[in-house]
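The values are calculated or read from the model by the stated rules, or taken from the named source; none is laboratory data. Note that the coordinates shown come from a computational prediction; the quantities given were computed from them, not determined experimentally. No Cβ is skipped: glycine too gets one built from the backbone with ideal geometry, and neighbour counts run over all protein chains shown. Ligands, DNA and RNA are stripped out before the accessible areas are found, and what is left, the full protein with its side chains, is counted by its heavy atoms. Shrake-Rupley method; radii C 1.70, N 1.55, O 1.52, S 1.80 Å.
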Amino acid sequence: MAFLEVQDLTLYYDTHRGPLRAVDRVSFSLEKGEALGIVGESGCGKSSIALALIRVLPKNVHTYTGSVRLDGRELLSLSDEEFRRQIRWRKISMAFQGAMNVLNPVLKVGYQIAEPLLEDGQIPKEKAFSRVKEILKLVGLPPETAERFPHELSGGMKQRVVLATALVFNPHLVILDEPTSALDVSVQAQIMNLLKRLKSELGLTFVFITHDIALASDLCDRLGIAYAGQLAEEGPVEEILQRPTHPYTQGLLESMPLLRSDKPPSFIPGAPPGLTDPPKGCRFAPRCPYAFARCEQPPPPFVTTNRSRAFCWLLAEQRTLTPPVPSPYTGRAREGSRKSRAG
Ligand code: SF4
């Protein structure tokens, strides 16, 4: 059994237009010490997957079902109180998006890192603050940072503080929600190197939420490609990058400029569907150049190919990825077989 096993995780929100299907039957598994990158466009539900895993849910939750097993223990059957006392921050923690806004501007950094330890009440104050200094060192900050306010820190330092708050209890699984999105490229590289070091030195397991597939490939062992509240494809990084099987993954990769190629990036026509009224069958169908009649039927099965899995009728029926006729949805066919994107 894998260290983290997520099966059919579903999270809908109540809205005035009806249930918004933010996370729909999402499944993946992860071994201890591995990192999974969940990659997708804005609004595809990737942050909602993170919130569902750590159970930080807004009040308007309509449906929250499925299975999340961490180290063999089912977490969805725990009450909110059990989850708060036993799991959140201790076993699963999260570095929230937007370090600039997550930190309280009127509290010293050291207190903000120590806060969960102090609230726990089981650790004396001196011990809590000595843990703060230890954890600041771990994320590459001097111990004096504890005495400073957030506005005295650079963006990169704030991001390290946010990471420190997530690590204070020595959790088994850390969720990183767009940890470098507001940073410039050189600081982004420093934070990515820090994450790689923490992963190898502490054996941490990461779920890394990002819109940047290149960044995710740099840190992660596996990738999950999110589209319209579902994981379109999931598997080892090299498999997804070199042999993408889902048409959305292929389109996403083809939209990236390549340094060593004259081929200009292409784009995926159309826009993702609204999640209150998504297409009944495959959610990618209105944009998919390979869509055929079967794709109007729900639900496309999660098919295993090589070492990855994809949510696609095309694979279920073992059709070639070269459509014989122009798609009825987009009115165009792609020419020729797709080449591997190795390199
Ligand atoms: Fe395209 Fe059909 Fe596969 Fe959806 S199920 S990605 S529409 S081929």
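Inspect all residues belonging to the stretch 206-226 and state whether any of them is at pLDDT below 95, in a helix (DSSP H, G or I), farther than 20 Å from residue 44 by Cβ and hydrophobic (A, V, I, L, M, F, W, C). No: the stretch 206-226 contains no residue that is at pLDDT below 95, in a helix (DSSP H, G or I), farther than 20 Å from residue 44 by Cβ and hydrophobic (A, V, I, L, M, F, W, C).
For residue 227, the test of being over 30 Å from residue 166 (Cβ atoms), crowded, with 21+ Cβ neighbours inside 10 Å and not hydrophobic (A, V, I, L, M, F, W, C) is failed. Can you tell me which of (1) over 26 Å from the mean Cα position of the chain (by Cα); (2) on the phi < 0 side of the Ramachandran plot; (3) at pLDDT below 95; (4) open to solvent by 50 Å² or more (accessible area, probe 1.4 Å) is the one residue 142 doesn't meet? It is condition (3) that residue 142 fails. Applying the selection to the stretch 237-265, what residues are over 21 Å from residue 291 (Cβ atoms), open to solvent by 10 Å² or more (accessible area, probe 1.4 Å) and not in a loop (DSSP other than H, G, I, E, B)? Passing the criteria: 237, 238, 241, 242. Check the stretch 248-260 and report whether any residue there is near the ligand (Cβ under 9 Å from one of its atoms), modelled with pLDDT under 90, more than 24 Å from the chain's Cα centre (by Cα) and of a type in the set (Lys, Arg). Scanning the stretch 248-260 turns up no residue that is near the ligand (Cβ under 9 Å from one of its atoms), modelled with pLDDT under 90, more than 24 Å from the chain's Cα centre (by Cα) and of a type in the set (Lys, Arg). Against the criterion of being touching a helix residue (DSSP H, G or I) at 6+ places or on another chain (Cβ under 7 Å), touching a residue at least 24 places away in the same chain (Cβ under 8 Å) and surrounded by 24 or more Cβ atoms within 10 Å (Cβ to Cβ), residue 289 does not qualify.
Residue check: residue 279 meets all listed conditions (1) modelled with pLDDT of 90 or more; (2) surrounded by fewer than 12 Cβ atoms within 10 Å (Cβ to Cβ); (3) within 12 Å of the ligand (Cβ to nearest atom) but one, namely (2). Pairing each residue of the stretch 232-247 that is touching a residue at least 12 places away in the same chain (Cβ under 8 Å) with any residue that is more than 14 Å from the ligand (Cβ to nearest atom) and among the aromatic types (Phe, Trp, Tyr), provided the two are 6+ apart or on different chains, yields C-beta distances under 6 Å for 234/28.
Can we say residue 273 is surrounded by 20 or more Cβ atoms within 10 Å (Cβ to Cβ) and within 15 Å of the ligand (Cβ to nearest atom)? No, not satisfied. Can you work out which of the residues in the stretch 11-40 that are assigned to a strand (DSSP E or B) and small (Gly, Ala, Ser) is nearest to residue 273 (Cα to Cα)? So the residue we want is 22. The number of residues in the stretch 1-50 that are among the aliphatic types (A, V, I, L, M), open to solvent by 10 Å² or more (accessible area, probe 1.4 Å) and at pLDDT 95 or above comes to 1. Can you tell me which condition residue 192 does not meet? The list is (1) open to solvent by less than 60 Å² (accessible area, probe 1.4 Å); (2) more than 28 Å from residue 93 (Cβ to Cβ); (3) free of Cβ contacts under 8 Å to residues at least 40 places away in the same chain, and all the others hold. Among (1) open to solvent by less than 60 Å² (accessible area, probe 1.4 Å); (2) more than 28 Å from residue 93 (Cβ to Cβ); (3) free of Cβ contacts under 8 Å to residues at least 40 places away in the same chain, the lone unmet condition for residue 192 is (2). May I ask you to list the residues in the stretch 302-327 that are surrounded by 17 or more Cβ atoms within 10 Å (Cβ to Cβ), modelled with pLDDT of 75 or more and within 12 Å of the ligand (Cβ to nearest atom)? Hits for the stretch 302-327 are 302, 303, 310, 311, 312, 313, 314, 315. Give the residues of the stretch 72-83 that are loosely packed, with under 15 Cβ neighbours inside 10 Å and touching a residue at least 12 places away in the same chain (Cβ under 8 Å), sorted by residue number. Of everything in the stretch 72-83, those that are loosely packed, with under 15 Cβ neighbours inside 10 Å and touching a residue at least 12 places away in the same chain (Cβ under 8 Å) turn out to be 72, 80.
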